[in-house]
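A short worksheet on the structure shown next.
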Amino acid sequence: MSENNSIKPHGGVLVNRITQADPTGLFSITITEDLANDVENIADGIFSPLEGFLGQQDFESVVSRGRLANDLAWTIPIVLDVDEETASKMKEAGDVLLKNPQGTGVAILHVEETFTFDKEKTAQGVYGTTDSSHPGVAKTMSMKDILVGGKIDYIQRPEDSEIRKNRLTPLQTREAFAQAGWKTICAFQTRNPPHVAHEMLQKTSITTRDGVFVNPIIGKKKSGDFVDEVIIKCYETMIKLYYPENRCKLGTLHTEMKYAGPKEAIHHAIMRQNYGCTHIIIGRDHAGVGKFYDPFAAQKIFDDYPELEIAPVFFPAFFYCRRCLTYTTPKACPCDDDEKEQISGTKLREMIQNGQAPSKFILRPEVAKVILDHPKPFVD
């Protein structure tokens, strides 16, 4: 594994699909906000080596083997689903303008093929289940019947907004890491505001590395998750007040959570390798939901992908022990549970909904204030 900030992108080349192409006169379709984000992620190389939406051979290989047809690691299908009539029109048009929900043309899709797919087989392959109570399975079963494969050319970014102000491309992160003098960078994936235990986990990771790249996912989440604005503001507050200068970089990743557990852990690692990170923290039940995955499945799956240049860093859960007087883990703490300051996500949400601030050993008071002051901190 590379030990400097020139770590290679996944597949060896950082994809760039940004162009100045003229879309005048093209047949157009409107895509969802999350798909528009993923088209931008393709263009910027966050999804390197993908240059567009998966064709049939790659799609079926990803579902069945967790690899592209050329054997390169890839675990989450990046696809465009449409109905039969639209697919026919797209194939006939050849080049199709993709518009975001605001009506802005963001990219041109060069249609290479259209194909049907087995939704149950897809759900089983990606999520390990066909249970429709899993949000990823429910999304798969609700997809339209035809997938459209082909490369994209990106022509227009959305307007700047508060939610996009921390969005960074791999070119920008690699330059930022180089300017900071960081050679070893540990990525931290999150969809939640920072518990103090998360902060301590991040700080522990940089005691032997140069910096941490905090990379919250911004995009569609399940009901009960924290809203994006709260997550960003909480991290901005924590980093400003509790991090030494030049040791933590915040950048948002705009994509949809899939809740695919181990398969998504690999996907998260690949994206952070493309950003230029040398390591990624993989915690207990990474990207899981409910009881669908073994708590350590997301760590074990890395044995199947030894070729990744980014190295996983496995941590057990952190908590504060009142008897040991420190943040620690079950591996290092001999004390009973009643000595430990820890809280479930469900209990934390209940406290916040009731206007209660958790213990300062669980949430920094300034972070708790950000959440409590927000009119709607959770996704409906």
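What follows draws every value from the coordinates through simple rules; no lab data is involved. Nothing here was measured: the structure is a model prediction, and the numbers come from that model. No Cβ is skipped: glycine too gets one built from the backbone with ideal geometry, and neighbour counts run over all protein chains shown.
Some values worked out for this structure:
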| quantity | calculated |
| --- | --- |
| Proportion of all alpha-carbon pairs of the chain beyond 25 Å (%) | 57 |
| Mean projected area in nm² (Cα convex hull; one quarter of hull surface) for region 165-275 | 6.9 |
| Proxy reagent accessibility, fewest Cβ within 10 Å first, across 344, 359, 61 | 344, 359, 61 |
| Amide H within-cut-off set for residue 113, under 5 Å, with H built and near neighbours excluded | 149 |
| Any cysteine of the chain lacking a neighbouring Cys Cβ under 4.7 Å - listed by number | 186, 234, 248, 277, 333, 335 |
| Assigned charges on the beta-carbon of Lys, Arg, Asp, Glu; region 27-154 dipole about Cα centre (debye) | 180 |
| Positive dipole terminus of region 277-341, leading residue within 286, 319, 298 (C-beta point charges) | 319 |
| Cα centroid separation, region 313-380 to region 224-299 (Å) | 17 |
| ³J(HN,Hα) computed for each position of region 138-146 - Karplus, 6.51 cos²θ - 1.76 cosθ + 1.60, integer Hz, glycine/proline x | 4, 5, 4, 5, 8, 5, 6, 7, 10 |
| Charge dipole of the chain about the Cα centre (unit charges at C-beta), most positive-ward option of 170, 370, 137 | 370 |
| Helix 170-180 axis, angle to the chain major axis (alpha carbon atoms, nearest 10°) | 40 |
| Per-residue HN-Hα couplings for region 42-55 [Karplus 6.51, -1.76, 1.60; θ = phi - 60°; Hz; x = Gly/Pro] | 4, 4, 7, x, 5, 9, 3, x, 5, 10, x, 7, 4, x |
| Residues whose placed amide H lies under 5 Å from that of residue 286, excluding near-sequence neighbours | 298 |
| Considering only the chain, percent of DSSP beta bridges that pair antiparallel, nearest 5 | 55 |
| Rounded to 10°, Cα long-axis angle of helix 196-205 versus longest principal axis of the chain | 80 |
| Backbone HN-Hα couplings from phi across region 14-27 [Karplus 6.51/-1.76/1.60, Hz, Gly and Pro as x] | 7, 5, 9, 10, 8, 9, 10, 5, 9, x, 3, x, 7, 4 |
| Cut-off under 5 Å, modelled amide H: who pairs with residue 378 long-range | 227 |
| Alpha carbon Rg of region 27-154, scaled by the compact-globule rule 2.2 N^0.38 Å | 1.01 |
| In degrees, nearest ten, helix 228-242 long axis to first principal axis of the chain (Cα) | 40 |
